[in-house]
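**Q** Pasting a structure below so you can have a look.
The values are calculated or read from the model by the stated rules, or taken from the named source; none is laboratory data. Being a predicted model, the structure only gives us computed values, none of them experimental. FYI the Cβ positions are ideal-geometry reconstructions off the backbone, even for glycines, and counts take in every protein chain you see.
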């Protein structure tokens, strides 16, 4: 069986950042999959499930309501390894193209107050698995330590 591309990335050297994971052609449209890596794999604790679930709800809601990007958003969701999220957008894009969008998204999460969108039994399959204080803490940490200080090492996978 062929190894899928995401399993060929050197996770030992991978830093937190924004990476182009893959690009796929769907009809005439290019879909860019971004790796929004919030934790260094295998070197720091993974995101807690409740925090990651809350980040998912808040980021998906924010992105799908964004005045510029909403029509380009295909999907936002957590990685199974709990070290980040995937963002799929319409368009042939690079990491730098969404740096400001990610800053806006994580600032929104870090400053969010109120009820978590979609965190009710009729809206979510595991609505009790939410942790807003920890989601805000993780979002703020990622925003200030990574997104506000992006370099080529945080925008391109290690070779």
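**Q** I'm trying to understand the selection: among the residues of the stretch 86-137, which are free of Cβ contacts under 8 Å to residues at least 60 places away in the same chain, part of a strand (DSSP E or B) and surrounded by fewer than 19 Cβ atoms within 10 Å (Cβ to Cβ)?
**A** From the stretch 86-137, those free of Cβ contacts under 8 Å to residues at least 60 places away in the same chain are 87-89, 96-97, 100-101, 103-115, 120-123, 125, 127-128, 133, 136; that's our starting set.
Now narrow it down to the ones that are part of a strand (DSSP E or B): 87-89.
If the condition is that a residue be free of Cβ contacts under 8 Å to residues at least 60 places away in the same chain, part of a strand (DSSP E or B) and surrounded by fewer than 19 Cβ atoms within 10 Å (Cβ to Cβ), then 88 is the only one that fits.
**Q** Taking residue 50 and the conditions (1) in a helix (DSSP H, G or I); (2) at pLDDT 95 or above; (3) touching a strand residue (DSSP E or B) at 6+ places or on another chain (Cβ under 9 Å), which numbered condition does it fall short on, given that it satisfies the others?
**A** Condition not satisfied by residue 50: (3).
**Q** Looking for something crowded, with 19+ Cβ neighbours inside 10 Å, under 17 Å from residue 98 (Cβ atoms) and at pLDDT 95 or above - is there at least one such residue anywhere in the stretch 3-17?
**A** yes
**Q** A further question on this structure: Taking the residues in the stretch 24-39 that are within 16 Å of the chain's Cα centre (by Cα) and within 15 Å of residue 4 (Cα to Cα) as candidates, determine which candidate is surrounded by the most Cβ atoms within 10 Å (Cβ to Cβ).
**A** Selected residue: 35.
**Q** Still on this structure, I have one more. For the structure I just gave you, tell me whether residue 70 is surrounded by fewer than 15 Cβ atoms within 10 Å (Cβ to Cβ), in contact with a helix residue (DSSP H, G or I) (Cβ under 9 Å, 6 or more places away or on another chain) and either farther than 16 Å from residue 47 by Cβ or touching a residue at least 24 places away in the same chain (Cβ under 8 Å) (or both).
**A** Numbers: surrounded by fewer than 15 Cβ atoms within 10 Å (Cβ to Cβ): yes; in contact with a helix residue (DSSP H, G or I) (Cβ under 9 Å, 6 or more places away or on another chain): yes; either farther than 16 Å from residue 47 by Cβ or touching a residue at least 24 places away in the same chain (Cβ under 8 Å) (or both): yes.
So residue 70 passes the test.
**Q** Take the conditions modelled with pLDDT of 95 or more, part of a helix (DSSP H, G or I), surrounded by 14 or more Cβ atoms within 10 Å (Cβ to Cβ) and on the phi < 0 side of the Ramachandran plot and apply them to residue 57. Does it pass?
**A** Yes; evaluated as a whole, the condition is true for this residue.
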